[in-house]
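The values are calculated or read from the model by the stated rules, or taken from the named source; none is laboratory data. Small disclaimer: the values here were computed from a predicted structure and weren't measured. Glycine also receives a Cβ, built like all others from the backbone with ideal geometry; neighbour counts cover every protein chain displayed. For accessibility, only protein heavy atoms count, side chains too; no ligands or nucleic acids. Shrake-Rupley method; radii C 1.70, N 1.55, O 1.52, S 1.80 Å.
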Amino acid sequence: MTDCKKRQSARAGKHRSCTKMEDRLIENQTVFYSKAEHYWKEVSPTVDGMLGGYGSISSIDINGSKKFLQKFLGEGPGKTGTGCALDCGAGIGRITKRLLLPLFRTVDLVDVTQEFLDKARTYLGEEAKRVENYFCCGLQDFQPQPERYDVIWIQWVIGHLTDDHLVEFLRRCRSGLRPDGLIVVKDNVAYEGVILDDVDSSVCRDLNVLHRLVARAGLNIICEEQQKNFPEEIYQVHTIALR
């Protein structure tokens, strides 16, 4: 996944010119996943590479995510703890470095591209000592440890999962949460239907489709916001908190 195994990657710059298709037309899942893995292996292990050439939006992205996440963190009834977070589709650790490590005691990373995880060990610098695990795995196969995480952060990577695998992954994430834990999905949102990007082998879903998949996973949306101040030529990006 690209982050999803990596793919993580935040493919912030997914343009509107992709061909529209229904997710059900992904007939060969093996090809769908292997093509994505190959794509990300050719991407530079840099912030600009992780963001599809839109490295300039990284600070805007992080600041928006931090403002969103801090509403839920703290002590008291219903508040989410700050012990351990999971960065899904972590890439070189851009989100881990700038969002998660400043807020959590420890962080785990999961990505499908080993080169990105290797780069993360140096990119994170001295703070890498607070990363406990680097998992090289596609999200369609990844199993979070039960009740380990206060927050599971999933950004720019769900498009590398088929509908069924996304539902199953979200269910596994739910079991990986500590009490009052939180799953956060931040991703591109299509205007209508499902858009297939054959270049990186991913899909972009509209909000109605995404909401249905969340419901199938047995999760509730407790907050949803649109990221502001991104370039007009890329898809809208929404951040959704789930429990």
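Quick look at the numbers
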read-out	value
Cα gyration tensor, segment 64-168 - rounded (a/c under 1.5), prolate or oblate	oblate
Shape call, segment 202-243: gyration tensor on alpha carbons, a/c limit 1.5	oblate
For Gly83, net neighbour charge (Lys/Arg +1, Asp/Glu -1) across residues whose Cβ lies under 15 Å away	-2
Dipole of the chain, positive end: most advanced residue of Pro77, Ala215, Ser59 [Cβ charges, Cα centre]	Pro77
Per-residue [θ]222 nm for the chain (sum of -39500 (n - 2.57) over DSSP H runs n ≥ 4, rounded to 500)	-7500 deg cm²/dmol
Among (i) 16.1, 47; (ii) 26.1, 101; (iii) 17.5, 54, the entry that matches Rg and Dmax of the Cα atoms in Å as calculated here	(i)
Fraction of beta bridges assigned by DSSP in the chain that are antiparallel (%, nearest 5)	45
Segment 61-120: C-alpha gyration tensor shape, a/c 1.5 cut-off, then a/b vs b/c	prolate
Segment 27-113, relative contact order [Cα under 8 Å, separation at least 6], %	25
Apportionment of accessible area to carbon and sulfur, the chain, percent (1.4 Å)	47
Accessible area per residue, Å², the chain with all protein chains present, probe 1.4 Å	42
Exposure of Ser56 as accessible area (Å², to 10), given a probe of 1.4 Å and all protein chains	110
Full-extension gain in nm, Glu42 to Thr122, via 0.36 nm per residue minus C-alpha separation	26.8 nm
Size of charge dipole - segment 127-243 - debye, nearest 20, with Cβ of Lys, Arg +1 and Asp, Glu -1, no other charges	620
Sorted peptide list for 156-167, 81-92, criterion being average Cβ within 10 angstrom, highest first	81-92, 156-167
Approximate spin-label separation Cys137-Asn208, in nm, with each point projected 7 Å along Cα-to-Cβ	3.6
The chain, dipole about Cα centre (Lys/Arg Cβ +1, Asp/Glu Cβ -1), debye to the nearest 20	640
